[in-house]
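S.K.: Here it is, the structure in full.
The values are calculated or read from the model by the stated rules, or taken from the named source; none is laboratory data. Since the model is a prediction, treat every value here as computed from it, not as a measurement. Every residue, glycine as well, gets a Cβ built from its backbone with ideal geometry; the counts of neighbours run over all protein chains shown.
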Amino acid sequence: MGTHPRIAFIGGGSMATALISGLVKQGFGAQHLHVVEPFEAARDNLRRSFGIDAACEADDALSTCDLLVWAVKPQQFEQAALAAGRFAQQALHLSVAAGIPVQVLSGWLQTPRVVRAMPNTPALIGQGMTGLYAPPNVSADDRTRIEQLLSSTGRCLWVEKEALIDAVTAVSGSGPAYVFYWMESMLAAGLEMGLTPEQARTLTLGTMEGAAALAAASSDDLATLRERVTSKGGTTFAALNSMMDQGLQPAIVRAMWAAHRRAGEMSQEFGASQG
């Protein structure tokens, strides 16, 4: 980021810690970072891990920060914004709180310079996928600043309409849980077939990792990759026919639409609370 801006985190939990760790690897020192975290255990962890003396509440130190990252639970956001927003109305704001529309965030923070992010948990190991939305008043330079901040957590994707953040939530935000559930099922089947827990876990993790890497490296679509593994009358053919007979794909699509609807409901709930 060139000369390092000062970045503040409102909330010092796991997502903030992942971002701070990435910034430290980029060369940020404790003097460039400020954290507001009410829980003493979380403040102690930040001090031990990064040498950051986090504040227990918002204060005028926020007025020197160029970027504020809002890593608080959605239900706590309004109260936190009322306490901290008045100190940083000139800053750029990044919210990783689910379900709160930009219009509501801008009202709470008293600024139009607000970007919404929907990260996912692999960001904690630098393998995340984050969806981003910024209203037209957020500049290209501000977008670049957000991308640089998130670069250590994995990949980013901008969407052109805020409503598409609900789709991002359904596909990638909640997506790791779908993958973990699938892996749980594979592991359980392996155990039933006589593998040890260690063997079933190793085979499941290795298969998922390898398949994802192959898909990412290939120019072929997913259907083609699937067909290459599937010989008519063979073992994969038998397994896929069983899945199709049980309507697995439509069930997955319905489940993701359920996540999409819930994301929209959350946005409406927060919007209605401001009406």
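S.K.: Mind listing just one residue for me: the one in the stretch 67-105 that is farther than 23 Å from A42 by Cα and modelled with pLDDT of 90 or more and, of those, surrounded by the fewest Cβ atoms within 10 Å (Cβ to Cβ)?
M.R.: Of everything passing the filter in the stretch 67-105, Q103 is surrounded by the fewest Cβ atoms within 10 Å (Cβ to Cβ).
S.K.: Another one. Output the qualifying pairs, or none if there are none: Cβ atoms under 7 angstrom, residues six or more apart or on different chains, first residue in the stretch 74-91 and among the small types (G, A, S), second residue at pLDDT below 90.
M.R.: none
S.K.: A further question follows. Within the stretch 258-265, does at least one residue satisfy the condition of being surrounded by 12 or more Cβ atoms within 10 Å (Cβ to Cβ), among the small types (G, A, S) and closer than 30 Å to V24 by Cβ?
M.R.: No; the residues of the stretch 258-265 include none that is surrounded by 12 or more Cβ atoms within 10 Å (Cβ to Cβ), among the small types (G, A, S) and closer than 30 Å to V24 by Cβ.
S.K.: So, one more: In this structure, is E227 of a type in the set (D, E) and under 30 Å from Q75 (Cα atoms)?
M.R.: No: the conditions fail for E227.
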